[in-house]
């Protein structure tokens, strides 16, 4: 009986040996991205208020409201000096079906109290809220930017990325 000799193509061996590290590298990248994604989605939401103006903020209160009124006590920052910020871990707000807004009530030193309604919230919210007060070129006019995001996978039922121009002398929003 005659033995059949198997011919080995060295080019095929080289291709297989090159594919294995690439495959393992891609698999490791997918696993790493999944871990990062899970970490970002599971961290607790927080509210951050920044005062980038030249005037002291006596207080800022942010809370969710629906047609019947406030839905919770809210988040309160007091005596926020110019250039400073304040942060608080806020947890989850059950807003599914409420068609709520985020009301921001604030008072600068020497000015009237002002409030604005920002965004639209109709789903559970456990993301981040940023409330930024910034100066403008005009005296006694500030820019307020309110943004809320619910993580990497945002809900279509939450929309909050609003900017307001506020006249501190009149104590009202400029249209």
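The values are calculated or read from the model by the stated rules, or taken from the named source; none is laboratory data. Given the structure is predicted, the values throughout are model-derived calculations rather than measurements. Here the Cβ is made from the backbone with ideal geometry for all residues, glycine too, and neighbour counts use every protein chain on show.
Summary table
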quantity	calculated
Residue in segment 68-77 that is nearest to the chain's Cα centre (by Cα), counting only those that are surrounded by 11 or more Cβ atoms within 10 Å (Cβ to Cβ) and in a strand (DSSP E or B)	75
Matching entry among 76, 33, 80, 88 (being without any contact (Cβ under 8 Å) to a residue 60 or more places away in the chain and not assigned by TED's automatic domain parsing to the domain that holds residue 165)	33
Any chance residue 158 is modelled with pLDDT of 90 or more and under 18 Å from residue 44 (Cβ atoms)	no
Set 123, 132: member being within 16 Å of the chain's Cα centre (by Cα) and in a loop (DSSP other than H, G, I, E, B)	123
Filter pass, residue 152 being modelled with pLDDT under 90 and touching a helix residue (DSSP H, G or I) at 6+ places or on another chain (Cβ under 8 Å)	yes
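Let's see how each residue does on (1) within 11 Å of residue 133 (Cα to Cα); (2) at pLDDT 95 or above; (3) in a loop (DSSP other than H, G, I, E, B); (4) over 21 Å from the mean Cα position of the chain (by Cα):
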position: 39; (1), (2), (3), (4): no, no, no, no
position: 44; (1), (2), (3), (4): no, no, yes, no
position: 47; (1), (2), (3), (4): no, no, no, no
position: 64; (1), (2), (3), (4): no, no, no, no
position: 79; (1), (2), (3), (4): no, no, no, yes
position: 83; (1), (2), (3), (4): yes, no, yes, no
position: 88; (1), (2), (3), (4): no, no, no, no
position: 91; (1), (2), (3), (4): no, no, yes, no
